[in-house]
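The values are calculated or read from the model by the stated rules, or taken from the named source; none is laboratory data. In this text, all values refer to a predicted model and were calculated from it rather than measured experimentally. Cβ atoms come from the backbone with ideal geometry, glycine included; neighbour counts cover every protein chain shown.
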Amino acid sequence: MTAAIEASGLGKAYRRTWALRDCTLAIPGGHVVGLVGPNGAGKTTLLRLATGQLTPTRGTISVLGEPPAVSPAQLARVGYVAQDTPVYARMRVADHLRLGAWLNPGWDDELAQRRIAQVGLDPKQRGGSLSGGQRAQLALTLALAKRPELLLLDEPVAGLDPLARREFLRGLMAAVAEHGTSVVLSSHLVTDLERVCDYLIVLVASRVRIAGEVSELLASHRRLSGPSRDPGTLPAGQDVIEERHTDKQSTLLVRTGEPIHDPAWTVTPVSMEELVLAYMNPANDIPARRPQLGVAS
Amino acid sequence: MIRLTWLQFRTQAVTAAAALAAFAVLLAATGPHMASLYAASGLSGCHGSSCLSPATYFTASLARSPYGVLFLLSTGIILLAPAVIGLFWGAPLIARELETGTAALVWNQSVTRTRWLAVKLAIGGLTAMAVTEALSLMQTWWAVPISQAVADGSGAGVAQSRFSQLNFATHGITPLGYAAFAFALGVTAGALIRRTFPAMAVTLAIFAALQVAMPLWVRPNLAPPDRTVIPVTSLGGAGPSQTGPGGDTFTLYALNIPGQPGAWLLSSGPVNAAGQPVSTTPAACTSVGNTGQSAGAQGNAFPPGQGPAAFVDCLGRHGIRETITYQPASRYWPFQWTETAIYLALALALAGYCFRRLNRRRS
């Protein structure tokens, strides 16, 4: 399957400040990908580059194997819901759907009408009078009804209350399940991602700190707590992601492919939130994967 | 894309149609009466030089009637229409999409930015041109009696030559060029500045500056001006003016060019027999003019051999002639075409820049 997004040495500078710098990543298709990172990590810039809203200052990016926004056909393959989910303030909901029908050859009007009815939007209401949640639902409807292969969502639920957030994500998941659309969803709210994503990418300062399927990530990380101990003495194949020490006790978050046999440790599984926070913390020095068989240093 | 453009352009189109209708009603309601005044002034039956006097009376009396106000008002509306269009249609076209974030919505439908902009520019630009030219044609029809009086030689009151800034810029085809340019200028300013109100301000400033610079410095030189030297005595009606201590310097301007009706007079001034500009009064003429002027100023009749006419005669006897540079009336339409072409070319260049900017420098 072609990668949803592939970037190599990608950079975008505004005058002298880099919003994204030397970013190399491959986001696979066929997943609901959570793109998570602190503010300023470059998530929004990456998605705007992927939709052709921006052109790269350096490097290359391809989306579904083509340069972004290169042709009407490429534009038709990618749906995008921008941050703040903009809609036209003076146009009615129904006019937005007409806009979608006029501008997209693959427009699924039945889907659009059904979704508008489901989320309770009045077709006569103007964009400017919609609540944040309603606006997000309208923007998502527009993006879904053009029937894209890939849907890019930039912090779509950031401004919504918990109820609207749940409604939005439920609608998204229903549509994705129905049409098999690939999704890349950026957020800094891990709880939202937990609910919907099956693939996770942690982006910090333009760099991928970790990427992988959520189930594998959760299976390969463990929290160890036990008597105070130098992490350097751990066996090979156990990479320390995060460590906390008191006089008597050490708590470690380790990445390992093997079960932990050392009886000194109390082993607990990690939650996605713990995992993301550990990888997002710039103080944690993430080791490269070490060979499974080797001499501990 | 065309349907979307009409949907979003609906408010502006309705406003423009309403403005055109109001303008049409105003002119249609007053035009016939003004035409009847023209007929009553005796102009419709006159021939040749006998027309000058009724024509002058007609335009001078119009200037004191509501028609004088109406003439200036309608001219002003045609002059302002391109600026208003540039400000309110052009500047927001891209700037508002960027400002409200809807650019991210509309530029991610299955339509390239190039096509989006092409349709928006074509519909907006052509409508702008049609509206402005429609205003101009309506006013030209309304002002036919005035134009006729001007053709008959009147220079009084509301009468203005076809080359005057007010008439040249509101009649013929120049409004087409101004409208297209102002619209493209607004769009470009919006694309560059990315905010609607500053873009409107910049559009207005640049357009106004160009509308002043054009008649002052560019239009007079669209073709090399013609030059003629005529006897000072044939100036007819132009009064000399003496200055300096004892009246030893003088100026003498031409107000029209004998035998060149409708020409655009650019500059004039006295020259000596060798063709060099002069401003020193010949010694023999100093007292002629001086005495005459003081006598005339007190409301007395000029003594024989004194006064402005005698002064001009005296200048002529001493070899002084008047040089005039001008654009002949026959260049009116070539100038109209040239100026319109310049503005249309500028509009196209700005539009081309907008396409480049939207596609290459996305930010």
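Things worth noting here:
- Which listed residue is under 29 Å from residue B:325 (Cα atoms) and of a type in the set (Gly, Ala, Ser), from B:156, B:180, B:184: B:156
For (1) touching a Ser or Thr at 6+ places or on another chain (Cβ under 7 Å); (2) of a type in the set (A, V, I, L, M, F, W, C), each residue gets a yes or a no:
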{"residue": "A:206", "(1), (2)": "no, no"}
{"residue": "A:219", "(1), (2)": "no, yes"}
{"residue": "A:247", "(1), (2)": "yes, no"}
{"residue": "A:256", "(1), (2)": "yes, no"}
{"residue": "A:269", "(1), (2)": "no, no"}
{"residue": "A:275", "(1), (2)": "no, yes"}
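- For segment A:96-143, taking the residues that are in a loop (DSSP other than H, G, I, E, B) and of a type in the set (A, V, I, L, M), the one that is nearest to the other protein chains (Cβ to nearest Cβ) is identified as A:130.
- Strands (runs of 3 or more DSSP E) contained entirely in segment B:238-306, each with at least 3 residues that are of a type outside the set (Ser, Thr, Tyr), at pLDDT 70 or above and under 28 Å from the mean Cα position of the chain (by Cα): B:264-271
- Residue in segment A:41-48 that is assigned to a helix (DSSP H, G or I) and either polar (S, T, N, Q) or over 19 Å from residue A:205 (Cα atoms) (or both) present: yes
- Hits in segment A:186-202 (condition: at pLDDT 85 or above and either outside any strand (DSSP E or B) or acidic (Asp, Glu) (or both)): A:196, A:197, A:198
- Among residues of segment B:255-276 being surrounded by fewer than 17 Cβ atoms within 10 Å (Cβ to Cβ) and among the polar types (S, T, N, Q), the one that is farthest from residue B:335 (Cα to Cα) is B:272.
Okay, residues lined up against (1) over 15 Å from residue A:33 (Cα atoms); (2) assigned by TED's automatic domain parsing to the domain that holds residue A:134:
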{"position": "A:195", "(1), (2)": "no, yes"}
{"position": "A:206", "(1), (2)": "yes, yes"}
{"position": "A:210", "(1), (2)": "no, yes"}
{"position": "A:227", "(1), (2)": "yes, no"}
{"position": "A:244", "(1), (2)": "yes, no"}
{"position": "A:248", "(1), (2)": "yes, no"}
{"position": "A:253", "(1), (2)": "yes, no"}
{"position": "A:256", "(1), (2)": "yes, no"}
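- Of all the numbered requirements in (1) under 29 Å from residue A:12 (Cα atoms); (2) surrounded by fewer than 17 Cβ atoms within 10 Å (Cβ to Cβ), residue A:190 misses one, and that requirement is (2).
- Condition check for residue A:12: more than 14 Å from chain B (Cβ to nearest Cβ) and modelled with pLDDT under 95: no
- Yes/no for residue A:55 being in the same structural domain as residue A:146 (by TED's automatic domain parsing), surrounded by fewer than 18 Cβ atoms within 10 Å (Cβ to Cβ) and on the phi < 0 side of the Ramachandran plot: yes
- Filtered by the rule that a residue be within 20 Å of the chain's Cα centre (by Cα), more than 7 Å from chain B (Cβ to nearest Cβ) and either of a type in the set (Ser, Thr, Tyr) or assigned to a loop (DSSP other than H, G, I, E, B) (or both), segment A:79-95 gives A:83, A:85.
- No other residue among A:115, A:147, A:166, A:126 is surrounded by 14 or more Cβ atoms within 10 Å (Cβ to Cβ), at pLDDT 95 or above, basic (Lys, Arg) and in the same structural domain as residue A:48 (by TED's automatic domain parsing) apart from A:126.
- For segment B:88-104, the candidate set comprises residues that are more than 18 Å from residue B:6 (Cα to Cα), within 14 Å of chain A (Cβ to nearest Cβ) and not polar (S, T, N, Q); within that set, the residue that is surrounded by the fewest Cβ atoms within 10 Å (Cβ to Cβ) is B:101.
- Residue within segment A:125-147 that is in contact with a Lys or Arg (Cβ under 6 Å, 6 or more places away or on another chain) and basic (Lys, Arg) present: yes
- Checked against (1) closer than 30 Å to residue A:105 by Cα; (2) in a helix (DSSP H, G or I), residue B:54 passes all but condition (1).
- Residues that are touching a residue at least 40 places away in the same chain (Cβ under 8 Å) and assigned to a helix (DSSP H, G or I), drawn from segment B:33-48: B:34, B:35, B:37, B:38
- Selection count where residues are part of a loop (DSSP other than H, G, I, E, B), over 10 Å from residue A:182 (Cβ atoms) and either at pLDDT 90 or above or of a type in the set (Gly, Ala, Ser) (or both), scope segment A:15-38: 1
- Selection status of residue A:19, within 23 Å of residue A:155 (Cα to Cα), within 14 Å of chain B (Cβ to nearest Cβ), surrounded by fewer than 22 Cβ atoms within 10 Å (Cβ to Cβ) and free of Cβ contacts under 8 Å to residues at least 40 places away in the same chain: yes
- Restricting attention to segment B:107-123, the residues that are within 8 Å of chain A (Cβ to nearest Cβ) and in contact (Cβ under 8 Å) with a residue 12 or more places away in the chain add up to 3.
- Criterion violated by residue A:220 - all others in (1) under 30 Å from residue A:46 (Cα atoms); (2) touching a residue at least 60 places away in the same chain (Cβ under 8 Å) satisfied: (2)
- Lone qualifier among B:13, B:40, B:35, B:18 - being away from chain A (no Cβ under 14 Å) and modelled with pLDDT of 95 or more: B:18
- Filtering segment A:22-34 to residues that are within 12 Å of residue A:207 (Cα to Cα) and either without any contact (Cβ under 8 Å) to a residue 12 or more places away in the chain or crowded, with 24+ Cβ neighbours inside 10 Å (or both) leaves only A:23.
- Test: residue B:346 is in contact with a Phe, Trp or Tyr (Cβ under 6 Å, 6 or more places away or on another chain) and modelled with pLDDT of 95 or more: yes
- Scanning segment B:77-126 for residues being within 17 Å of residue B:179 (Cα to Cα) and modelled with pLDDT under 95 gives a total of 0.
- Number of positions in segment B:311-335 that are in a helix (DSSP H, G or I) and crowded, with 18+ Cβ neighbours inside 10 Å: 7
- Positions within segment A:45-77 being over 20 Å from residue B:109 (Cβ atoms) and either within 14 Å of chain B (Cβ to nearest Cβ) or hydroxyl-bearing (Ser, Thr, Tyr) (or both), in sequence order: A:45, A:56, A:57, A:60, A:61, A:62
Yes/no matrix, rows are residues, columns are (1) within 16 Å of residue A:145 (Cβ to Cβ); (2) surrounded by 18 or more Cβ atoms within 10 Å (Cβ to Cβ):
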{"position": "A:59", "(1), (2)": "no, no"}
{"position": "A:70", "(1), (2)": "no, no"}
{"position": "A:77", "(1), (2)": "yes, yes"}
{"position": "A:80", "(1), (2)": "yes, yes"}
{"position": "A:87", "(1), (2)": "yes, yes"}
{"position": "A:93", "(1), (2)": "yes, yes"}
{"position": "A:100", "(1), (2)": "yes, yes"}
{"position": "A:109", "(1), (2)": "yes, no"}
{"position": "A:120", "(1), (2)": "no, no"}
